[in-house]
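Everything on this sheet refers to the single structure shown next.
The values are calculated or read from the model by the stated rules, or taken from the named source; none is laboratory data. A quick note: this is a predicted structure, and the numbers were derived from the prediction, not measured. Ideal geometry is used to build each Cβ from the backbone, glycine not excepted, and the neighbour counts take in all protein chains shown.
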Amino acid sequence: MGAFSHEEDYFEEFRELYEYVPETKTTIPKKYFPVGTDISGMYLLMDISPEKFGTIWAWHKSTDPWGKGDNLYIGFVADSYEDFLFNRLQEPTEDW
């Protein structure tokens, strides 16, 4: 269960990702759009910039402005949403 596990929480959580923070206006990195979460609550973001449009990245939510404090890192996951869905997802192990 990720951060978007309950429909009523989805909209509140989504709104909070884009709340204004003094220096950058957002906590989420610019030019990214949240498309889901993993079981640990890590956010999966789609890059919407012209240069890397559609690539999928992992990001840990932070209350620091993007590029400050502990909000400095984003990790590459897949070349596209399709690649993520069909080639990167793994079935949980039996002992999960």
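Observations
- Counted residues, segment 48-58 - those being loosely packed, with under 14 Cβ neighbours inside 10 Å and of a type outside the set (Phe, Trp, Tyr): 4
- Matching residues, segment 37-56, being within 15 Å of Thr27 (Cβ to Cβ), hydrophobic (A, V, I, L, M, F, W, C) and assigned to a strand (DSSP E or B): Leu45
- Qualifying residue in segment 59-68 (condition: at pLDDT below 85, surrounded by 13 or more Cβ atoms within 10 Å (Cβ to Cβ) and not in a loop (DSSP other than H, G, I, E, B)): no
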